[in-house]
Structure formats: structure tokens, C-alpha cells
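Notes for the one structure printed next.
The values are calculated or read from the model by the stated rules, or taken from the named source; none is laboratory data. Just so it is clear, the model here is predicted, and its values are computed rather than measured. Here the Cβ positions follow ideal geometry from the backbone for every residue, glycine too, while neighbour counts run over all protein chains shown.
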């Protein structure tokens, strides 16, 4: 590993350009792979707009999944082929598709679109090309393989670069916030299965899109992965504690907040809270720990 600057790490033909605060949202970490035949960029954070020719001359953009913060550099690549997971294709091709994937209430969408255009240079890519689990791109001396690892979105995929042995984990970001599965297209059950598979990826370097950046120490990776996965049961325990105080409606639980602090006021917050909480409640109901009263309120068993 060599470092050409404080914000760039090089691993052979793979360069990682670290975003603001190690890619903390709303920014992200940009991976660029320069093969003998093709230059590919993975996802495209806000920081992609500061890189210059290394990014702007890319032939190919591969998104591990589709969200506004992963599309923030695509406007700089009008001629590049854009490949996205097949389950996220509609979200890449149009605003209507992205809005449907988020599941945000319709009256909140105009403010959300304004923010995405202003802060993330958002523009849909109707030319986006779908890829499936196991898709391979040969860049010339380096190949990229897609490993479908859903939960965050329906299509979320890890991108494995070989022979360098680098796994780009996308939004399995291992940060303190914990896993995010608050979209209409997300799945808590899928995320649990995905997290159980991360350690089996045949890699020696792991890159997260947000927060952590680059791991070269497997022991540290596994420790952070365990803490990250533990957030799932911690959230269920917190919901059980809330319901231990008495029956609550979904609206009551959303107002109390499971994920975000009370003063966090982005347009999508209430919808994300509702979708996330409902997924935990469904698990707890199936486990016999929560029941639903006739009035629709949830009660701890």
C-alpha cells in the first residue's frame, strides 16, 4: 500500500479517494480501478467532483446500489456506461423510480428532490444498464465481480476486485449509526443474512463507502462488523423497552424515534423511522414478543 496524499490510498491498480471525514454522509469514498483496457469508478460521491481527470476520464461507472449520495458524480460522466444492480434499476433511471424505492410520503418528495439536486447534483440515468449477482467486468489485468448482498436496498452488492483482493462493501459501512434498512425496498431479514456473509468474502482489503474508509486488518474488520451487527438486536431491545411502558401506536414509536435524534428534520426521517420500526415489530411479533391490539397499538407480550 502506498499513499500519494492524505486523501488517497493506492493498492496496485486500485485507488481510494477518501471523502470528507472518511466519507461520512453526505459524502463518500471514491474507488477508481485503472485496468489495462478500462477505467472504472465505483459509486460516485460528492467528493468525486473534486478529483479531476482520474475520475472524469472513466469509461465505466459501477454502482453497488442506487441512492442519491452514490449518484453525485454521475453528471460528470455523461458518456460513461453506468451499471447498477438489476433490483435497483428503476431507482437509477428516473426520479419516480428512486422515490418509489425510498417510500417517502408524496407530500415530502418535492423538498427531497430539491435537496438532492442542490446538494448531490442529482440527475437520473435513463441509460443505466442492469447487472445480476455474479456479474464480472474484465478491465484488463483486473476484474470486478458483483456479489449480491441485499438489505440496505434490494439490489445492494459488494464489488470484489481481483487479483488485488479488495472488497468494496458499499453501505455495509460498519459505522456507529448501524445498518440502514429504512427504504421501501430495504429488508431487515436480508440485512441480517448479508452481515453473516461479509466475513466470507475472499479479500485482504475492505473499503466502506461511508465512515470507516479502508480496512487492512481483518481482526479490526471483524470486531467492527460484530459491533455493527449488534445494532440490530439493540434496536429490537429498545423497542421492547418502549412497549414495556405501555401499548404504543406506530405513530407514537416514530415520534419517540428509534434511529435519529429528535431534532433531526430531513424530509425522509419520519418515513425511515416508520419503515424501520415496522420491520422490527414484524420480527418481534413473529417471535411472540409483541402483539397487536384490536385498536392497532402494539403491546409487549
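The table that follows gives values for the structure above.
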read-out: Residue within segment 258-279 that is modelled with pLDDT of 95 or more, touching a strand residue (DSSP E or B) at 6+ places or on another chain (Cβ under 6 Å), surrounded by 12 or more Cβ atoms within 10 Å (Cβ to Cβ) and not in a loop (DSSP other than H, G, I, E, B) present; value: no
read-out: Complete set of residues in segment 1-13 that are surrounded by 17 or more Cβ atoms within 10 Å (Cβ to Cβ) and at pLDDT 95 or above; value: 9, 11, 13
read-out: Any hit, segment 176-190, residues being assigned by TED's automatic domain parsing to the domain that holds residue 67, crowded, with 22+ Cβ neighbours inside 10 Å and either more than 17 Å from the chain's Cα centre (by Cα) or not in a loop (DSSP other than H, G, I, E, B) (or both); value: no
read-out: Odd one out for residue 82 among (1) in a loop (DSSP other than H, G, I, E, B); (2) within 29 Å of residue 193 (Cα to Cα); value: (1)
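For every residue, the table says whether it meets (1) within 18 Å of residue 159 (Cα to Cα); (2) surrounded by fewer than 24 Cβ atoms within 10 Å (Cβ to Cβ).
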site: 15; (1), (2): yes, yes
site: 26; (1), (2): no, yes
site: 35; (1), (2): yes, yes
site: 45; (1), (2): yes, no
site: 53; (1), (2): no, yes
site: 65; (1), (2): yes, no
site: 71; (1), (2): yes, no
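Quick grid of which residues meet (1) exposed (fewer than 13 other Cβ atoms within 10 Å of the Cβ); (2) in contact with a helix residue (DSSP H, G or I) (Cβ under 7 Å, 6 or more places away or on another chain); (3) in a loop (DSSP other than H, G, I, E, B):
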position: 91; (1), (2), (3): no, yes, no
position: 98; (1), (2), (3): no, yes, no
position: 104; (1), (2), (3): no, yes, yes
position: 109; (1), (2), (3): no, yes, no
position: 119; (1), (2), (3): no, no, no
position: 122; (1), (2), (3): no, yes, yes
position: 125; (1), (2), (3): no, yes, yes
position: 137; (1), (2), (3): no, no, no
